[in-house]
1. On the basis of being more than 17 Å from the chain's Cα centre (by Cα), surrounded by 24 or more Cβ atoms within 10 Å (Cβ to Cβ) and of a type in the set (Gly, Ala, Ser), does ALA236 make the cut?
2. Take the residues in the range 203-232 that are part of a loop (DSSP other than H, G, I, E, B) and more than 23 Å from ASP454 (Cα to Cα); name whichever of them is most open to solvent (accessible area, probe 1.4 Å).
3. Tell me which residues, restricted to the range 475-508, are farther than 27 Å from ARG287 by Cβ and surrounded by fewer than 22 Cβ atoms within 10 Å (Cβ to Cβ).
4. I'd like to know if the range 177-200 contains one or more residues that are polar (S, T, N, Q) and surrounded by 20 or more Cβ atoms within 10 Å (Cβ to Cβ).
5. Could you grab me the full set of residues in the range 310-341 that are touching a strand residue (DSSP E or B) at 6+ places or on another chain (Cβ under 7 Å), polar (S, T, N, Q) and touching a residue at least 60 places away in the same chain (Cβ under 8 Å)?
6. Within the range 347-383, take every residue that is polar (S, T, N, Q) and farther than 27 Å from ARG175 by Cβ and give me the one that is modelled with the lowest pLDDT.
7. Does the range 191-202 hold any residues that are under 14 Å from VAL177 (Cα atoms) and outside any strand (DSSP E or B), and which are they?
8. How many of the residues making up the range 104-161 are at pLDDT below 85, β-branched (Val, Ile, Thr) and exposed (fewer than 14 other Cβ atoms within 10 Å of the Cβ)?
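The values are calculated or read from the model by the stated rules, or taken from the named source; none is laboratory data. Note that the coordinates shown come from a computational prediction; the quantities given were computed from them, not determined experimentally. Neighbour counts are summed over all protein chains in view; Cβ atoms, including those assigned to glycine, are modelled from backbone coordinates with ideal geometry. Surface accessibility is based on the protein's heavy atoms, side chains included, excluding ligands, DNA and RNA. Shrake-Rupley method; radii C 1.70, N 1.55, O 1.52, S 1.80 Å.
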Amino acid sequence: MSHVPDRYRKDDDNSTSDGTATLPAEAVVKVSGLTVAAPDGRVVLQDAELALHPGRVVALTGPSGSGKTTLLRALTGLLPPGTRRTAGRVEVLGHDVFALPERELRALRRERLAYVGQDPGSGLNPRMRVHSLLRELADDRTPKAIRTLLAEVRLPDDGALAARRPAALSGGQQRRVALARALARRPKVLLLDEPTAGLHPELRDEIGELLRHLAAEHRLAVALSCHDPGLVERIADEVVELGRYGGVAHTGTSIGGTAATRTTGEPPERQTPAAAIEAVLDIRDLRVTFGRRSDAPALNGVALAVAPGSATGIVGASGSGKTTLVRAVVGLQPVTAGTISLDGVPLSTGLRGRSREQRRRVQLVTQNPLGALNPSRTVGATVGRPMRLHRRCGAGDVAARVVELLEQVGLPPEFADRYPHELSGGQRQRVAIARALAADPDVLICDEVTSALDSASAEAIMDLLVRLREERGTALVLISHDLPLIADRTDTVTVLDGGRTVESGPTATVFTAPGHSATRALLRTPAGTA
């Protein structure tokens, strides 16, 4: 993988003549005693301390809602809407970001500080193609430079990917395009909010190795929030753990490192047919193409059968078509060919052709909840709307039912009065799950719903989904790169590779005796890193 060292090092005054980096005495980012409060006085972050040095990676850890995103955003001088700094100082590259004039602060963010948020897809202009998104920020706008940027983030381009728009990318591809945009600025400080959430384990290792390389070789000061303890242990030079109420619970060092390279064999391939079942959701020969490239479909002949009350997993490398498949199932992605049936009744391939009852019965919880929640509605209004729309309870019972659902997903009742921007990424994800459950669906599709949650919260959410399946007979479809989760929580699994169904069957059988090289490659990635 080429990381183009000269792009970063040519104006770096802290390298020796042979290119060896030396750690400076002074940190380029200093946070001292930072306290941030919400409008109601609730403390979001309390007495936070942080120091970032060129050439080092600092990981922010802690439970959902502990203030990791708030701390990262404070370094840019832009706190989450509605919050305010009540104490402390944030100094970046010698500047107090909360004292800088607006024009100078914008210049600092544009030229020397890069931030990649937790929902990168929402930060990409949906009308622009990938090459335009990169050229917009790059010093060198030549096609060769754009290809180099994509290669840096493990998105080698054959000419097709750079011509796509964000909607035609997987969640993992969107994250890497956002990272490429950040690197195009040649920043001194790189801030990343859950940069590996929703990526398959091997790609998480590759992105982690890239961040280590950028820090060590290009003298970048890197800070990232992360719920993956395995990744943190491998790549972080220092770990800052935030407590439940936004205080620094622990600061320590970690042994930074990179994952070993793994090779993938290519034995003969076979496809295991799915067991014959009476499906509540039946997908046959599904084909989806983006734009006019019918020769390179995003999905090609995909099949999936989901039995009532079952749990089905969908796995595959980033970009294999998982999110495209479930978006097509719920009517958000136009279908080129194939059929989608609910209880044997063919569904329209678009939402407008489906009845209200058909829409209610199949619900999707997306990978990026920020873009899925209406910013102008409170949590209570968001969760209560499906109950009113689908008449799931009487008008007088909606408020009580909202509180019940919030408690089920691990949120206190007072969250009903908050807006999405007042929540952490993990809290928004739980609101999205509560909204989907409010419709009492027969099929609940979850696209990487635990990737932004700490391990305890993720386990609680999965326990809730399993309980709903047992009590209500809800069929679950789980997309995840966390193979232990899929192995533990699903009955059957379907493996996608290059937009095709390459293997399907009972989860235990597929995972213990994989018949396709794509499945074997996934299983060779170390478990426990998710």
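1. Criteria met by ALA236.
2. Looking at residues that are part of a loop (DSSP other than H, G, I, E, B) and more than 23 Å from ASP454 (Cα to Cα), I get ARG219.
3. Once the filter is applied, which keeps residues that are farther than 27 Å from ARG287 by Cβ and surrounded by fewer than 22 Cβ atoms within 10 Å (Cβ to Cβ), the range 475-508 yields PRO484, LEU485, ALA487, ASP488, ARG489, ALA508.
4. Our first condition is that a residue be polar (S, T, N, Q); within the range 177-200, this holds for 196.
Next, only the ones that are surrounded by 20 or more Cβ atoms within 10 Å (Cβ to Cβ) stay: 196.
Scanning the range 177-200, I find at least one residue that is polar (S, T, N, Q) and surrounded by 20 or more Cβ atoms within 10 Å (Cβ to Cβ), so the answer is yes.
5. Hits for the range 310-341 are SER310, THR312, SER320, THR323, THR324, SER341.
6. The selected residue is THR349.
7. Passing the criteria: PRO195, THR196, LEU199.
8. Residues in the range 104-161 being at pLDDT below 85, β-branched (Val, Ile, Thr) and exposed (fewer than 14 other Cβ atoms within 10 Å of the Cβ): 0 in total.
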